[in-house]
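Asker: The structure is given below, and queries will be raised subsequently.
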Amino acid sequence: MDQFVVSPLFGDGPVAWYTPTNVTLWLALTALASIALLVLGTRGRAIVPNRAQSIAEMAYGLVHKMIEDIAGKDGLRYFPYILTLFMFVVFANLLGLLPLAFTTTSHIAVTGVLALAVFFGVTIIGFVKNGAHFLDLFWVRSAPLAVRPVLAVIEVISYFVRPLSLSIRLAGNMIAGHAVIKVFAGFAAIAAVAPVAIIAVIGMYAFEVLVAIVQAYVFTILTCVYLKDALHPSH
């Protein structure tokens with residue numbers, strides 16, 4: 001569908017790696033929206049916060065508690081990155097719901113980069129902090145010795161599948177929701193079913209707002225789980 005097609009901002013020529021496209025435009029807007037909320041929205045630090053400061057503080061508290069509950073206090077040193085990741089994904093999802101917008105998180109190239117950054121980041125942290133003991137993550141000591149090698153193979157496979165599952169889950173949910181809205185919008189042109197189709201579009205749109213926030217939450221909470229494994233790899 002047109003809403004998922006990458007196109008240059010200027011002209012109709014081919015898209016190269018350096019070509020400004022609708023993807024780069026909306027990625028930039030996502031970054032600016034995140035900065036505006038977290039930096040400009042909290043600049044006053046009022047005792048009685050305005051709406052922007054309240055939302056920023058809620059996001060701050062949510063991610064801070066998430067990291068502390070899952071990864072422990074050791075994980076709080078990575079709080080700035082994880083908060084930035086959460087805000088970036090949630091804004092990318094929400095901005096994609098605007099009319100004529102482009103949902104950057106519907107493209108596996110975008111979600112794949114975010115997932116690979118998490119994957120390589122926690123892997124490096126795991127080896128830097130634990131050395132060779134990080135490999136204990138794949139050796140299930142609580143299992144009988146005879147089945148440990150089999151479980152180790154399964155653990156290794158599941159570990160390297162993490163970036164794939166992270167990226168596909170987010171992109172797939174964004175594509176599916178927009179596709180359903182597009183289908184219902186098509187039925188709105190048929191007079192006999194137009195009222196029902198319009199109600200369905202409104203309902204799906206409201207649902208997609210919820211999905212946009214939930215998917216950012218899921219992406220972030222899985223990042224915290226992977227960070228916990230890196231910091232505390234023993235089974």
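Asker: Taking all protein chains together and a probe of 1.4 Å, list 229, 69 from the most accessible to the least accessible.
Answerer: The residues order as 69, 229, largest area first.
Asker: Leaving out ligands, DNA and RNA, and with a 1.4 Å probe, what % of the accessible surface on region 1-43 is carbon or sulfur?
Answerer: For region 1-43, the apolar C and S fraction of the accessible surface comes to 70 percent.
Asker: Rounded if a/c is under 1.5, else prolate if a/b beats b/c, else oblate: with a ≥ b ≥ c from the C-alpha gyration tensor eigenvalues square-rooted, which is the chain? Before the final figure, lay out the partial values.
Answerer: On the way: a/c = 1.92, a/b = 1.52, b/c = 1.26.
Taking the square roots of the gyration eigenvalues as a ≥ b ≥ c, the chain is prolate.
Asker: Using θ = phi - 60° and the Karplus curve 6.51 cos²θ - 1.76 cosθ + 1.60, what whole-Hz ³J(HN,Hα) does each residue of region 21-30 get, with Gly and Pro shown as x?
Answerer: Running phi through 6.51 cos²θ - 1.76 cosθ + 1.60 with θ = phi - 60° gives 10, 5, 5, 5, 4, 6, 5, 5, 5, 5 Hz.
Asker: Using Cα pairs under 8 angstrom and six or more residues apart, how large is the relative contact order of the chain, in percent?
Answerer: Rounded, it is 25 percent for the chain.
Asker: Additional query: Keeping all protein chains in position, work out how much accessible area residue 58 exposes to a 1.4 Å probe, and write it in Å² to the nearest 10.
Answerer: 140 Å²
Asker: Mind checking which of 76, 198, 140 is farthest towards the positive end of the chain's charge dipole, using Cβ charges of +1 (Lys, Arg) and -1 (Asp, Glu) about the Cα centre?
Answerer: Working it through, the farthest residue towards the positive pole turns out to be 76.
Asker: Under the Karplus relation 6.51 cos²θ - 1.76 cosθ + 1.60, θ = phi - 60°, what is the ordered set of whole-Hz ³J(HN,Hα) values for region 184-200, x standing for Gly and Pro?
Answerer: Along region 184-200, the couplings run 4, 5, x, 5, 5, 6, 8, 4, 5, 10, 4, x, 5, 5, 5, 4, 5 Hz.
Asker: Another one. What does the charge dipole of the chain about its Cα centre add up to, to the nearest 20 debye, if the Cβ of each Lys and Arg holds +1 and the Cβ of each Asp and Glu holds -1?
Answerer: Dipole size: approximately 420 debye.
Asker: Can you give the angle from 0 to 90° between the axis of helix 51-71 and the longest principal axis of the chain, with both taken from C-alpha atoms, to the nearest 10?
Answerer: 30 degrees
Asker: What accessible surface, in Å², does a 1.4 Å probe find on residue 153, ignoring ligands, DNA and RNA and rounding to the nearest 10?
Answerer: 80 Å²
Asker: Let me ask something else. Working with all protein chains in place, sort 81, 226, 217 by solvent-accessible area computed with a 1.4 Å probe, largest first.
Answerer: These residues rank, largest area first, as 81, 217, 226.
Asker: Just reorder 137, 210 by solvent-accessible area, largest first, 1.4 Å probe, all chains present.
Answerer: Sorted descending by solvent-accessible area, the residues read 210, 137.
Asker: Now for a different question. Hey, any idea what % of region 51-231's accessible area is carbon plus sulfur with a 1.4 Å probe?
Answerer: About 77 percent, which is the carbon plus sulfur part of the accessible surface.
Asker: Another one. Angle, helix 108-130 long axis vs. longest principal axis of the chain, Cα atoms, 0 to 90°, nearest 10?
Answerer: On a 0 to 90 degree scale, this one is about 20.
Asker: Which Cα, out of 220, 185, 150, lies furthest along the positive dipole direction of region 147-235 (beta carbon charges, K/R +1, D/E -1)?
Answerer: 150
Asker: Roughly speaking, what is the centre-to-centre gap between region 22-37 and region 146-212 when only Cα atoms are used, to the nearest Å?
Answerer: Between the Cα centre of region 22-37 and that of region 146-212, the gap is 22 Å.
Asker: Give me, ordered by chain and number, the residues 5 or more places off residue 21 or on other chains with an amide H under 5 Å from its own placed amide H.
Answerer: 9
Asker: Still on this structure, I have one more. Under a 1.4 Å probe, what is the accessible area of region 152-192 per residue, stated in Å²?
Answerer: Normalised by residue count, the accessible surface of region 152-192 is 55 Å².
Asker: Still on this structure, please answer the following. Would you mind getting the accessible area per residue of region 1-43, heavy atoms of the protein chains only, 1.4 Å probe, in Å²?
Answerer: With the other protein chains kept in place, region 1-43 gives 68 Å² per residue.
Asker: Projected onto the charge dipole of region 37-191 (+1 at Lys/Arg Cβ, -1 at Asp/Glu Cβ, origin at the Cα centre), which of 91, 159, 121 gives the Cα projection farthest towards the positive end?
Answerer: 91
The values are calculated or read from the model by the stated rules, or taken from the named source; none is laboratory data. Keep in mind that this is a model prediction, so the values were computed, not measured. Ideal geometry is used to build each Cβ from the backbone, glycine not excepted, and the neighbour counts take in all protein chains shown. Please note that ligands, DNA and RNA were not included when accessible areas were found on the heavy atoms of the full protein model with its side chains. Shrake-Rupley method; radii C 1.70, N 1.55, O 1.52, S 1.80 Å.
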